[in-house]
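What follows is a short report on a single structure.
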Amino acid sequence: MHEATISPKTSFYDYIVIGGGAAGIPIATTLSAKYNVLLLERGGSPYGNPNITDVRNFGSYLLDTSPESPSQRFISEGVVNSRARVLGGGTCINAGFYSRGEPKFSEDARLMDANLVDESYKWTEKVMVFEPIVQKWQSTLRTALVETGVTPDNGFSYDHIIGTKVGGTLFDANGTRHTAADLLQYANPKRLLVLLYATVHKIKFKTQGRSRPLAYGVVFADSLGYKHIAYLKGGRKDEIILSAGALGSPQLLMLSGIGPKEQLDALNIKVVLQQPFIGKGMADNPMNSIFIPSPVAVEPSIVQVVGITRFGSYVEESGGFNFIFANLSSYQGFSPQMGGFIFEKINGPLSMGELKINNLNPTDNPSVTFNYFKEPEDLQKCVNGIKTILNAVESKAFSNYKYANMTIKDILDLNMKLPVNLRTHANTSSSLEQYCKDTVRTIWHYHGGCRIGEVVDDEYKVFGVDAFRVIDGSTIINSPGTNPQASVLMLGRYMGVTILGQRIANDKSQ
Ligand SMILES: Cc1cc2nc3c(=O)[nH]c(=O)nc-3n(C[C@H](O)[C@H](O)[C@H](O)COP(=O)(O)OP(=O)(O)OC[C@H]3O[C@@H](n4cnc5c(N)ncnc54)[C@H](O)[C@@H]3O)c2cc1C
């Protein structure tokens, strides 16, 4: 692992992987077993950065808007959101909750080998996932959810099963985060080069004399702004794999000349291939939270328990700290240490939007819309999720954590006054529908932009292009499980093993 400044002006590899995140690291690590791989990551290393590794600092980086931050803020429809800029990607800045995707995800993602799916999950779990130590607040909520009817109680499990369960976490018993960068211990150090602060500007395609464009090189800049080019060696099976995430991958495709013609023309980008679906189908599962002030102190914790309802809303929680990073004065005299947040995410939003590039600079955010709650079905799921939370709050199990004289309306009105987004909204709640719309936040599970079946085929090869795949959250049709990272990590490993196996078989037959 080196900073990109050490890289020569040109270099050659069997595989070039763009983006060292949840998908990119497993892919690069796996391919290095036999082939020379370059992994390019625009951010730095997570090691030695306590803001990333120490659970007590969870979220501090979300407030850091400097260019050095491991988290790059973006805002869509007034909702403040965030994307990773660090080796390990989202696994360095996320809430650490780990839960496998439902079997339907593997089907949608065309991962047809069930054994390989299972082995790929286990490959990750062995080094970066832990059973959490569940304390009082989280276990009370678990009991409250079961009392409310989110049954059965499934105990501790990584699996996606209806009912209430304790899931995995990336934080070990000492509160130290284990990120996808830890998977590099599986790599062959002789064959994998990881370059940090290596911002990819463009993927190069050969078009002359060819019926289809061929990916053959990647232009990246180091931290001093010097440009380098990494080329494929030219082997028949050499490939460039784009894993820059749901915002980064469609953005880089467009910057490289593949995308909707009108967008490329608007910025005078030479068209390599017209692809109208790039940047389309962008979805972000809306999250709505309820802060419950408590008469007793709540120990700090982030997501360990989840209620998986039958109607497609998932209930999670965090307690004892300012989980939504609102201004302390807006807590109306209550304190986030005395209380906790229960929140719900809707599964499978039908509301979707679009990603567009604004300029030629890959370090700038593209603009993106998600059209939160445009479709009535999404709003209904949210209302049902909020009702589940309110029932849990009023359950017998939860009574110690709620002021007896505080009504549900008082709680909702307090929450209406906790602004963290840049959306304007009413000051009191007139209906649960309005509450959902006014207090919508993100749970950071945005996905799409290079969806499977539209931009990539069943093997994640970009339609109409040779030697080029996209494998990451941008290809996903529906955010898997209650939280997606388990499935994205699995997808990376699964595809790494598949590509490696096919190439080894091919090499033997030559
Ligand atoms: C704040 C937050 C909390 C979350 N909480 C959870 C949770 O608790 N549980 C869960 O399961 N999921 C959670 N998620 C979601 C999960 O982390 C993501 O779904 C997952 O990381 C997506 O993986 P990916 O490989 O698609 O993208 P990423 O992991 O984001 O990786 C993309 C990588 O590409 C790099 N990159 C982008 N552009 C370029 C470029 N031009 N050149 C070089 N490199 C580039 C980025 O720096 C990044 O490292 C959370 C996400 C966030 C942001």
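Structure data summary
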quantity: Residue within the range 418-428 that is at pLDDT 95 or above, open to solvent by 20 Å² or more (accessible area, probe 1.4 Å) and on the phi < 0 side of the Ramachandran plot present; calculated: no
quantity: Where a residue in the range 363-374 is free of Cβ contacts under 8 Å to residues at least 24 places away in the same chain and in a loop (DSSP other than H, G, I, E, B) and its partner, wherever it lies, is within 16 Å of the ligand (Cβ to nearest atom) and open to solvent by 60 Å² or more (accessible area, probe 1.4 Å), with Cβ under 7 Å and at least six apart; calculated: ASP364/ASN358
quantity: Strands (runs of 3 or more DSSP E) enclosed by the range 5-58 - at least 1 residues per element that are open to solvent by less than 10 Å² (accessible area, probe 1.4 Å) and under 25 Å from THR363 (Cβ atoms); calculated: 15-18, 37-40
quantity: Filter pass, GLN332 being buried (at least 24 other Cβ atoms within 10 Å of the Cβ) and either out of contact with any Phe, Trp or Tyr (no Cβ under 9 Å at 6 or more places or on another chain) or more than 29 Å from ASN427 (Cβ to Cβ) (or both); calculated: no
quantity: Residue count for the range 60-107, restricted to those that are small (Gly, Ala, Ser), buried (at least 19 other Cβ atoms within 10 Å of the Cβ) and over 20 Å from ASN347 (Cα atoms); calculated: 5
quantity: Residue match in the range 392-405 (condition: open to solvent by less than 70 Å² (accessible area, probe 1.4 Å) and under 27 Å from the mean Cα position of the chain (by Cα)); calculated: no
quantity: Residues (outside the structural domain of VAL303 (by TED's automatic domain parsing), open to solvent by 70 Å² or more (accessible area, probe 1.4 Å) and part of a loop (DSSP other than H, G, I, E, B)) located in the range 145-191; calculated: ALA173, ASN174, PRO189, LYS190, ARG191
quantity: Checking LEU414 against (1) touching a strand residue (DSSP E or B) at 6+ places or on another chain (Cβ under 9 Å); (2) part of a helix (DSSP H, G or I); (3) at pLDDT 95 or above, the condition it does not meet; calculated: (3)
quantity: Selection from the range 46-73 of residues that are within 14 Å of the ligand (Cβ to nearest atom), small (Gly, Ala, Ser) and out of contact with any strand residue (DSSP E or B) (no Cβ under 6 Å at 6 or more places or on another chain); calculated: GLY59, SER60, SER69
quantity: Filtered residues of the range 352-366 (kept if open to solvent by less than 50 Å² (accessible area, probe 1.4 Å) and in contact with a Leu (Cβ under 9 Å, 6 or more places away or on another chain)); calculated: LEU355, ILE357, PRO362, ASN365, PRO366
quantity: Residue among TYR216, TYR197 that alone is more than 30 Å from LEU414 (Cα to Cα), within 13 Å of the ligand (Cβ to nearest atom) and open to solvent by 50 Å² or more (accessible area, probe 1.4 Å); calculated: TYR197
quantity: Checking ILE443 against (1) more than 10 Å from the ligand (Cβ to nearest atom); (2) out of contact with any Gly (no Cβ under 6 Å at 6 or more places or on another chain); (3) not small (Gly, Ala, Ser), the condition it does not meet; calculated: (1)
quantity: Within the range 74-96, tally of residues that are more than 10 Å from the ligand (Cβ to nearest atom) and part of a strand (DSSP E or B); calculated: 5
quantity: Members of the range 165-180 that are closer than 25 Å to LEU39 by Cβ, more than 10 Å from the ligand (Cβ to nearest atom) and in contact with a Ser or Thr (Cβ under 7 Å, 6 or more places away or on another chain); calculated: THR176, ARG177
quantity: Residue match in the range 467-476 (condition: of a type in the set (Phe, Trp, Tyr) and either surrounded by fewer than 18 Cβ atoms within 10 Å (Cβ to Cβ) or not assigned by TED's automatic domain parsing to the domain that holds ALA215 (or both)); calculated: no
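Rundown of residues vs (1) outside any loop (DSSP other than H, G, I, E, B); (2) in the same structural domain as LEU247 (by TED's automatic domain parsing); (3) touching a helix residue (DSSP H, G or I) at 6+ places or on another chain (Cβ under 7 Å), yes/no style:
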{"site": "CYS382", "(1), (2), (3)": "yes, no, yes"}
{"site": "GLY385", "(1), (2), (3)": "yes, no, no"}
{"site": "MET406", "(1), (2), (3)": "no, no, no"}
{"site": "ASN421", "(1), (2), (3)": "no, no, no"}
{"site": "GLN434", "(1), (2), (3)": "yes, no, no"}
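The values are calculated or read from the model by the stated rules, or taken from the named source; none is laboratory data. Source: prediction; values computed, not measured. When we count neighbours, we look across all protein chains shown, and the Cβ atoms used for this are built from the backbone with ideal geometry, even at glycine. Surface areas here come from the heavy atoms of the whole protein model, side chains and all, with no ligands, DNA or RNA. Shrake-Rupley method; radii C 1.70, N 1.55, O 1.52, S 1.80 Å.
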